[in-house]
1. Of Glu308, Glu317, Glu277, which residue is acidic (Asp, Glu), more than 30 Å from Gly122 (Cβ to Cβ), at pLDDT 90 or above and assigned to a helix (DSSP H, G or I)?
2. From the residues in the stretch 18-43 that are of a type in the set (Gly, Ala, Ser), surrounded by fewer than 21 Cβ atoms within 10 Å (Cβ to Cβ) and touching a Ser or Thr at 6+ places or on another chain (Cβ under 8 Å), which one is farthest from Pro125 (Cα to Cα)?
3. Looking at (1) farther than 30 Å from His83 by Cα; (2) touching a Gly at 6+ places or on another chain (Cβ under 6 Å), which one does Val129 not meet, given that it meets all the others?
4. Could you tell me whether any residue of the stretch 287-300 is among the aromatic types (Phe, Trp, Tyr) and outside any helix (DSSP H, G or I)?
5. Glu165 versus (1) under 15 Å from Glu310 (Cβ atoms); (2) modelled with pLDDT under 90; (3) open to solvent by less than 60 Å² (accessible area, probe 1.4 Å): which is the lone unmet condition?
6. Looking only at residues in the stretch 5-17 that are aliphatic (A, V, I, L, M) and in a strand (DSSP E or B), which one is surrounded by the fewest Cβ atoms within 10 Å (Cβ to Cβ)?
7. If Gly327 passes every condition in (1) in a strand (DSSP E or B); (2) at pLDDT below 90 but one, which one does it miss?
8. Which of the residues spanning the stretch 91-137 are open to solvent by less than 30 Å² (accessible area, probe 1.4 Å), part of a loop (DSSP other than H, G, I, E, B) and farther than 17 Å from Arg41 by Cβ?
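The values are calculated or read from the model by the stated rules, or taken from the named source; none is laboratory data. The model shown is predicted, which means the values in this text are computed figures rather than measured ones. Ideal geometry is used to build each Cβ from the backbone, glycine not excepted, and the neighbour counts take in all protein chains shown. Keep in mind that these areas ignore ligands, DNA and RNA; they rest on the heavy atoms of the full protein, side chains included. Shrake-Rupley method; radii C 1.70, N 1.55, O 1.52, S 1.80 Å.
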Amino acid sequence: MAKPPLSMKPTGWFQVAWSDEIAIGDVHKMHYFSREMVAWRAQSGRLTVMDAYCEHLGAHLGFGGHVEGEAIECAFHGWQWNHEGRNVCIPYEKRPNRGRRMQTYPVVERNESVYIWHDVEGREPYFDVPDIFASFQDGSSLADYYPRQSLYEPNKELHPQYVMENGVDVAHFKFVHKTPIVPVFTRHDFDQPTSYVDFTITFEGDENQSIDDIDSCIEAINGGLGIAVTKSSGMVDNRTMSTITPVDEKTSDVRFTVYIGRQPGKDSPRAETKAQEFGQEVIRQFKQDIYIWSHQRYSDPPALSSSEFEGFTAIREWARQFYPDGGGGSAAELQSAAAEIS
């Protein structure tokens, strides 16, 4: 991938694990936003994500560090740090070091996943992680779906904004995913940090059918640049979640989650097998996108057709708010901002 002219340190919520990867007492090593981090789960079940290097003498807490009750203990000298990053114990001193503090990150567990809030300016979260069920306000819950199916592709050379822009790129469905006709937007709303994109789509029939005869659609909710959840209607009931989390200045980790709905009265082993097969087909199609994104160049300005202009213009303008450098979706803007700083 040609390195994009976009910051790899955008503001927002980003998935760093699935919840069941971090059991009580676990210390989980991670590397995101060019920083070494650890996630650890206290005996109460509370999850903490913090920078990995102990503030004492710099030992990495992911190598030998362990959970003691509601704190993580460094393997080097036994210093303990709580969920706020405060030192609560130095085993060979009468009192802790109250002057030093570990960098911690706001954490949300939702959608069976772990998200951290990243902001280089240190601001508190100002929008929520979308819920793959509750956010669609249709009364659905995890109990209505078969166990999730997941894809994890680490260290891919792609930028989170590529994935968000895919949500307004309806034309690619016909050429990448072989839909018979190009889908049509019914909504795109980019007024808030959480945005909404809906479109009519079908994967069946032929190119001679009319879009007016199609009653199937996809609704998407984008929680910043890091998370997109979707609901499909009028076809096999499924929910998906795609999350892209920057690792360093060139690569991101890609996670994709699929839930297939249970059919009342048809919850048999055969039905579950069919659901598993359909989920794998959804994952296969997402992998087709990853293949293109990971070899893509950020086109700026893009050569858009008339039908693409509104959607791409809206999403790139929306994306600007998540870049603290003020440069958003345009290389020219970034160069101008850099010139002003210098």
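1. Glu277
2. By that ranking, first place goes to Ala42.
3. (1)
4. Yes, there is a match, as at least one residue in the stretch 287-300 is among the aromatic types (Phe, Trp, Tyr) and outside any helix (DSSP H, G or I).
5. With (1) under 15 Å from Glu310 (Cβ atoms); (2) modelled with pLDDT under 90; (3) open to solvent by less than 60 Å² (accessible area, probe 1.4 Å) applied to Glu165, the lone miss is (2).
6. Within the stretch 5-17, the match that is surrounded by the fewest Cβ atoms within 10 Å (Cβ to Cβ) is Ala17.
7. Going through the list (1) in a strand (DSSP E or B); (2) at pLDDT below 90, Gly327 breaks only (1).
8. Matches in the stretch 91-137: Asn111, Asp119, Phe127, Val129, Pro130, Ile132, Phe133.
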